[in-house]
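Beneath this line is the structure, given in structure tokens, with notes to follow.
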Amino acid sequence: GAGVSQSPSNKVTEKGKDVELRCDPISGHTALYWYRQRLGQGLEFLIYFQGNSAPDKSGLPSDRFSAERTGESVSTLTIQRTQQEDSAVYLCASSSQGIPTYEQYFGPGTRLTVT
Amino acid sequence: LAKTTQPISMDSYEGQEVNITCSHNNIATNDYITWYQQFPSQGPRFIIQGYKTKVTNEVASLFIPADRKSSTLSLPRVSLSDTAVYYCLVGNNNAGNMLTFGGGTRLMVKP
């Protein structure tokens with residue numbers, strides 16, 4: 001009965017480096033979401049997957065951000081050439097079905113610090 | 001995309017009832033109203049969801065007036081552990097737009 005897991009829990013990287021953040025959703029959940037949360041602020045939607053496809057990529061802040069999902073399971077969010085403004089907590093959530101009354105289950109997040 | 005407005009912060013005392021109101025004047029016919037709770041260093045957690053009138057579960061109640069232009073989350077007899085940020089979301093998953101979290105309401109429960 002595992003929930004959503006994310007790895008790493010913390011990541012410190014130097015400006016200009018690439019980072020990969022991983023999300024393992026709840027087994028059987030078809031929808032998966034990525035959000036960004038800066039310190040003291042609300043959640044900023046980045047991207048969501050229905051199965052392995054991403055019908056909505058509008059939230060990705062720049063072309064340095066990309067995400068993929070395979071096997072309707074694990075998802076990876078990649079940030080290339082990281083900048084200091086990328087420092088934030090990156091949250092992943094999953095839900096069972098794309099119906100109006102769905103509920104999102106969130107992981108603990110990955111805290112990214114770009115130095 | 002329905003925009004929501006909530007108070008930035010609220011203070012309460014243990015044992016009191018807390019009501020947090022969210023305004024969503026341009027809610028669409030097929031939009032639902034969902035509330036999440038977030039503790040520090042954790043992801044948000046679903047509290048309650050409703051479409052109209054009143055919904056109650058073991059954690060909270062959600063009051064939605066007939067015009068649905070606002071909603072009120074009611075937390076009965078709060079404790080210190082209810083100190084958290086509460087987010088109101090409006091939308092429907094068919095349009096993929098139940099994905100915009102506002103700034104939330106920071107509730108501080110004092111002893």
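The values are calculated or read from the model by the stated rules, or taken from the named source; none is laboratory data. Given the structure is predicted, the values throughout are model-derived calculations rather than measurements. When we count neighbours, we look across all protein chains shown, and the Cβ atoms used for this are built from the backbone with ideal geometry, even at glycine.
Test of understanding: among B:Val78, B:Val90, B:Val18, B:Val85, which residue is buried (at least 16 other Cβ atoms within 10 Å of the Cβ) and touching a His at 6+ places or on another chain (Cβ under 6 Å)? Steps first, please.
Numbers: B:Val78 fails: touching a His at 6+ places or on another chain (Cβ under 6 Å); B:Val18 fails: touching a His at 6+ places or on another chain (Cβ under 6 Å); B:Val85 fails: touching a His at 6+ places or on another chain (Cβ under 6 Å).
Criteria check complete, one pass: B:Val90.
What number of residues within the stretch B:10-39 satisfy the criterion of being part of a strand (DSSP E or B) and of a type outside the set (Gly, Ala, Ser)? Show your work before the answer.
Step one: of the stretch B:10-39, the residues part of a strand (DSSP E or B) are B:10-13, B:18-23, B:32-38.
Those still in the list that are of a type outside the set (Gly, Ala, Ser) too: B:10-11, B:13, B:18-22, B:32-38.
Looking only at that region, the number is 15.
Taking B:Val85 as the residue in question, decide whether it is in a strand (DSSP E or B) and in contact with a helix residue (DSSP H, G or I) (Cβ under 6 Å, 6 or more places away or on another chain). Reasoning before the result, please.
Working: in a strand (DSSP E or B): yes; in contact with a helix residue (DSSP H, G or I) (Cβ under 6 Å, 6 or more places away or on another chain): no.
Taking the combined requirement at face value, the residue does not satisfy it.
Filter the stretch B:40-58 down to residues that are surrounded by fewer than 17 Cβ atoms within 10 Å (Cβ to Cβ) and part of a loop (DSSP other than H, G, I, E, B) and give me whichever is farthest from the other protein chains (Cβ to nearest Cβ).
Residue satisfying both the conditions and the ranking: B:Glu58.
Could you list, in sequence order, all residues of the stretch B:84-111 that are modelled with pLDDT of 75 or more, within 11 Å of chain A (Cβ to nearest Cβ) and farther than 17 Å from B:Pro40 by Cα?
B:Cys88, B:Leu89, B:Gly91
Residue-wise test of (1) modelled with pLDDT under 95; (2) of a type in the set (Asp, Glu); (3) at positive phi.
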position	(1), (2), (3)
A:Glu14	no, yes, no
A:Arg22	no, no, no
A:Ala31	yes, no, no
A:Arg38	yes, no, no
A:Leu46	yes, no, no
A:Ser53	yes, no, no
A:Ser66	no, no, no
A:Glu72	yes, yes, yes
A:Asp86	no, yes, no
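Would you call B:Asn26 within 14 Å of chain A (Cβ to nearest Cβ), at pLDDT below 90 and surrounded by fewer than 21 Cβ atoms within 10 Å (Cβ to Cβ)?
Details: within 14 Å of chain A (Cβ to nearest Cβ): no; at pLDDT below 90: yes; surrounded by fewer than 21 Cβ atoms within 10 Å (Cβ to Cβ): yes.
Here the answer is no, as B:Asn26 does not meet what is asked.
Within the stretch A:80-111, work out how many residues are within 14 Å of another protein chain (Cβ to nearest Cβ) and either in contact with a Lys or Arg (Cβ under 8 Å, 6 or more places away or on another chain) or among the acidic types (Asp, Glu) (or both). Let's see the steps before the verdict.
Taking the stretch A:80-111 and keeping what is within 14 Å of another protein chain (Cβ to nearest Cβ), we get A:88-111.
Next, from what is left, pick out any that are either in contact with a Lys or Arg (Cβ under 8 Å, 6 or more places away or on another chain) or among the acidic types (Asp, Glu) (or both): A:88-91, A:103, A:106, A:110-111.
Within the stretch A:80-111, residues that are within 14 Å of another protein chain (Cβ to nearest Cβ) and either in contact with a Lys or Arg (Cβ under 8 Å, 6 or more places away or on another chain) or among the acidic types (Asp, Glu) (or both) number 8.
So which residues in the stretch B:1-15 are more than 15 Å from the chain's Cα centre (by Cα), of a type in the set (Gly, Ala, Ser) and loosely packed, with under 13 Cβ neighbours inside 10 Å, if there are any at all? Before you say what the answer is, go through the steps one by one.
So in the stretch B:1-15, the residues more than 15 Å from the chain's Cα centre (by Cα) come out as B:1, B:11-15.
Add one more test, that the residue is of a type in the set (Gly, Ala, Ser), and what stays is B:12, B:15.
Listed by number, the list holds a single entry, B:Gly15.
Using beta carbons and a limit of 6 Å, which pairs, at least six apart or on different chains, have the first residue in the stretch A:56-79 and within 14 Å of another protein chain (Cβ to nearest Cβ) and charged (D, E, K, R) and the second one buried (at least 18 other Cβ atoms within 10 Å of the Cβ) and not in a loop (DSSP other than H, G, I, E, B)?
As it stands, the answer is A:Asp56/A:Tyr48; A:Lys57/A:Ile47, since those pairs meet every condition given.
Listed here are the residues, each with its yes/no results for (1) out of contact with any helix residue (DSSP H, G or I) (no Cβ under 9 Å at 6 or more places or on another chain); (2) loosely packed, with under 13 Cβ neighbours inside 10 Å; (3) within 29 Å of B:Thr4 (Cα to Cα).
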residue: A:Val4; (1), (2), (3): yes, no, yes
residue: A:Asn10; (1), (2), (3): yes, yes, no
residue: A:Arg36; (1), (2), (3): no, no, yes
residue: A:Leu39; (1), (2), (3): yes, yes, yes
residue: A:Leu43; (1), (2), (3): yes, no, yes
residue: A:Phe49; (1), (2), (3): yes, no, yes
residue: A:Leu60; (1), (2), (3): yes, no, yes
residue: A:Ser66; (1), (2), (3): yes, no, yes
